[in-house]
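Before any comments, here is the structure.
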């Protein structure tokens with residue numbers, strides 16, 4: 001694989017076994033849609049994007065406030081460390097965050113980008129009016145939010161009718177805010193395309209680390225593992241870790257199958273969950289450590305009293321990552337580590353391609369539809385009904401009690 005990305009996992013799966021999995025993938029892929037996300041240039045009009053965005057960049061915003069949630073914002077959160085401006089995600093109407101943003105970000109010097117394909121996302125629609133006095137650029141194609149933007153005569157770029165968590169990296173959803181943040185989207189798409197050229201090839205197992213890791217996930221799933229726990233040792237990787245969590249959970253979790261993705265920043269997680277992973281019950285979680293070998297910023301550390309001689313802050317972090325990985329293996333905990341050579345447009349593109357290809361192949365091994373999410377709207381519908389009906393807190397609690405009594409009648413006393 002590309003030298004920007006290195007995968008290490010144990011126990012190793014041999015090529016002969018992966019070849020058997022490839023046969024299963026080739027059979028099951030006919031059951032579901034084609035991986036549109038590997039077709040990098042077909043879902044965005046870059047000329048139209050530049051036509052709308054270039055006038056904005058004549059006076060680049062200091063604050064880029066993006067209203068979106070889930071697939072609408074997670075890919076941009078993976079890219080945020082490359083932004084030349086202050087990138088501020090608004091993923092819901094949590095009052096503390098909203099209050100802080102409204103206090104610190106004046107309309108002058110800010111740009112707001114609300115994102116919702118169908119225009120019905122409550123998390124976006126509940127916050128958009130708060131920013132009505134701010135310059136705005138919308139990403140939507142239909143629904144109440146689209147109507148709101150149209151009525152306000154706010155420029156709108158379309159969002160394709162595709163699975164959002166997979167489509168963002170190759171569509172306006174992530175490319176527009178990335179372009180406004182002065183991230184080189186041409187290099188990003190070029191490197192994304194290069195990576196998919198490798199990951200499409202199911203014959204060269206040694207190069208295709210996405211296929212390898214999908215096979216590793218599947219073997220562990222067969223052994224009873226139901227959680228892949230991401231441990232990002234760099235804050236630059238937090239957003240991409242969130243993308244992995246969403247994609248594996250939402251894509252594989254259906255038909256009573258699937259694996260959950262979880263994460264907590266490292267090395268903090270060493271002090272909260274590592275004891276369980278090392279000494280507690282086994283067979284439920286696959287630890288997946290992520291680290292960078294170099295970063296845009298680093299700090300020299302020289303503290304002889306603590307045995308730190310001519311180290312850097314990143315050196316200390318990576319020593320902790322390597323030691324934790326070895327400790328897990330010593331306790332016979334199947335584990336994996338992903339290392340990025342650096343944090344750059346190219347490395348993030350390769351990381352996103354790795355994530356999406358891995359989840360795609362893992363879902364094919366499970367034989368589930370990798371791109372849909374049929375039950376996600378259940379909670380949204382309940383919430384919208386409660387709001388429209390002006391149900392009180394007590395009424396909502398009574399509804400939950402009634403639902404639980406029906407669904408758990410055999411176990412509740």
Checklist entry - Which strands (runs of 3 or more DSSP E) does the stretch 297-409 wholly contain that include 2 or more residues that are in contact (Cβ under 8 Å) with a residue 40 or more places away in the chain and crowded, with 16+ Cβ neighbours inside 10 Å? => result 335-340
Checklist entry - Is it fair to say residue 282 is surrounded by 15 or more Cβ atoms within 10 Å (Cβ to Cβ), out of contact with any helix residue (DSSP H, G or I) (no Cβ under 7 Å at 6 or more places or on another chain) and free of Cβ contacts under 8 Å to residues at least 60 places away in the same chain? => result yes
Checklist entry - Which ones in the stretch 57-82 are over 20 Å from residue 124 (Cβ atoms) and buried (at least 17 other Cβ atoms within 10 Å of the Cβ)? => result 81, 82
Item to check | Criterion violated by residue 93 - all others in (1) in contact with a helix residue (DSSP H, G or I) (Cβ under 8 Å, 6 or more places away or on another chain); (2) modelled with pLDDT of 95 or more satisfied | outcome: (2)
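The values are calculated or read from the model by the stated rules, or taken from the named source; none is laboratory data. All values derive from a computational prediction rather than experimental measurement. Cβ atoms come from the backbone with ideal geometry, glycine included; neighbour counts cover every protein chain shown.
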